[in-house]
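What follows is one structure encoded as structure tokens, with my remarks underneath.
Where a number appears in this text, it was derived from the coordinates with a stated rule and is not lab data. Since this is a predicted model, take the numbers as computed values, not measurements. Note that we place each Cβ from the backbone using ideal geometry, even for glycine, and neighbour counts take in every protein chain shown.
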Amino acid sequence: MADELYAPFKDNSTSDITLVSSDKIHFHVHKIILSLASPLFNDMFTLPQPSPSSPSSSPTIQLTETSSTITSFLRLVYPIPDPELVDLVDIIPILEAATKYQLEEATLLARAALRRMVPKKPLEVKIEGSGRLTPWDWTAPGTCCIPELEDVSAGAVYRLMRFAKSGIDPGKFVHPESRQFQNKETVPPELWYDDGDVIVKSSDGFAFKVHQLVLQLISNTLLEHLSTKHEDAASPPTIDLPETGHVLVKLLRMCYLDALSPLDPSCEPHLSYAVREIAIKYSMHRVLLMAQQRWMEAANMHPLQSFFIAKSHEKLTMSKLLFRKGVPVESTYVPEMEDYPARDYFRLLRYYHRCKSKLVEVGSAFERKSGEYWDESTSSWWRSTKGTEIVGIGLPIIQRELRRNNAVVDLGKLVKESEDLNRNITEALDKVSFDN
């Protein structure tokens, strides 16, 4: 089959130029045809050509495209049958090459093939090509994660979902929402002990005077960065670290156990995460537990931001936290979505869909057993017990008893039933996977 495709370009008896693909396949073609099809090739052929290796051979031009792509766009240019463009994997490189070499006719044909793909694969076409996406083209976002999403930000996919569902102004489609970071500090808090004997300097020029003994007790590696050169013999030695001042001051305060106050709700998860990571980096085992606690507190306050920041092995924990708190991830935007790939975002959406399916299963079993209707409000009762439980009785059980209007109830039995229901939900959700 490959030989048939290459056949028109194997004959060098009439060709006067040779194109060489990235996989070293030679295409014997004609300057006049390429010049008529592409102003770029026309200009290229007006330049002096390198001398051929032998009198009987033609000049060669090395291209970066594969032989398959070159064959296809040449067949679109030459007066021979066009290739069948039915696979997105083939259409995209052909369109890119045709655009690159200014092959107008080939570009138009490739775009037409791409538009024909929109009803079949609208999301892939929007990401990779120039197909127009309309709301009715959209497919459920939690059902699949295509390879093309690896280079697309979660923010772009979020805007795609909004556009597809509500038809918002497409002019705003590609523009991220303005970032409004919670932490407005530009200068880190001061940390300066007059009797300190070492100065820790941050990468952004801030200095903190502390005690070598404290650092030595906390970390075995931090003092390895101690500078041996002093500008002034009377001044303390310095430790130059690559971290920023905001991160270092929080870490150093933990070294002095001066970070036990309640976490400020405006604290960015980025900061708590960075503090934990450098505690690991410098083997600061005594403060690592405190740093981990701070990170989890920040994650509880800002779960969606923390999901994107977290390491791969922490994604499941963050997903559980998000679902437990009832965060509507499909309609919630955070600035971090611009910096992380949509692959993780789709994994989160799929996790949500699976969890909701599990709740439906548990709810169906509850309906069959009690003959009561299970609605969305009862589905979320277990997210938070505040205001939804009476002496350990879950909201679905309470609602059922209110509808029954029983004069006498067995509280012990209702508590046991509520515990069983809660356990069934927890066990069902624990079985939900967070995978690719």
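Summary of values
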item	result
Sites Ser364 and Ser433, calculated FRET efficiency, Cβ-Cβ separation with R0 22 Å, nearest 0.05	0.55
Subset of Lys281/Lys320; Lys24/Lys100; Lys325/Lys369 violating a 22 Å alpha-carbon distance limit	Lys281/Lys320; Lys325/Lys369
